[in-house]
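The values are calculated or read from the model by the stated rules, or taken from the named source; none is laboratory data. Given the structure is predicted, the values throughout are model-derived calculations rather than measurements. We place every Cβ from the backbone using ideal geometry, glycine too, and count neighbours over all the protein chains shown. Just so you know, the surface numbers come from the protein's heavy atoms only, side chains and all, with ligands and any DNA or RNA stripped out. Shrake-Rupley method; radii C 1.70, N 1.55, O 1.52, S 1.80 Å.
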Amino acid sequence: MNINIDNLISISEANQNFSKVARLVDEKGTAVILKNNAPRYVLLDFSLFRQNAVANDEDVNTAAKHILAKHIKAFEELAK
């Protein structure tokens, strides 16, 4: 995820003015909340969360191939 510096907000400001954070998310899609001047939390629009919450078929196939290759001997033994 790329972080836009326009989306950064301190944790104290987020705590004192959450409606400002919500407006930022409405406008930009995300807000990054800083704690001790380091990114700590990400607040994002729910529609963006939903898009990223489900893996696409290509990602699932890649993961399955990796697991199969790593444990092929165990799968062959189970197939007997």
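Show which lysines lie in cross-link reach of residue 65 when reach means a straight Cα distance below 25 angstrom and same-chain residues fewer than eight apart are skipped.
Here the lysines satisfying the reach criterion relative to residue 65 are 73, 80.
In debye, nearest 20: dipole of the chain around its Cα centre with unit charges on the Cβ of K, R (+) and D, E (-)?
Its charge dipole is roughly 280 debye.
Can you bin every Cα-Cα distance in the chain into 5 Å intervals starting at zero and give me the percent of pairs per bin, rounded to whole numbers?
All Cα pairs considered, the percentages come to 3, 13, 17, 14, 10, 8, 8, 8, 7, 5, 4, 2, 0.
Protein chains only, probe 1.4 Å: how do 72, 9 rank by accessible area, largest first?
So, going from the largest accessible area down, we get 72, 9.
With point charges of +1 on the Cβ of Lys and Arg and -1 on the Cβ of Asp and Glu, referenced to the Cα centre of the chain, which listed residue (48, 34, 19) lies farthest in the positive direction of the dipole?
34
By a straight-distance test (C-alpha under 19 Å), which lysines pair with residue 28 as possible cross-link partners, with residues fewer than eight away in the same chain excluded?
20
Residues with amide H under 5 Å of residue 10's amide H, sequence separation 5 or more or different chain, H placed in the peptide plane at 1.01 Å from N; which?
Residues meeting the criterion, in which the H sits 1.01 Å from N, are 34.
Only Cα pairs within less than 10 Å get springs; with that Gaussian network setup on the chain, which residue of 11, 33, 67 has the largest fluctuation?
Fluctuation is largest for 67.
For residue 67 paired with residue 18, estimate the spin-label separation in nm (one decimal), with each label point 7 Å from Cα along the Cα-to-Cβ line.
So the label points at residue 67 and residue 18 sit 3.7 nm apart.
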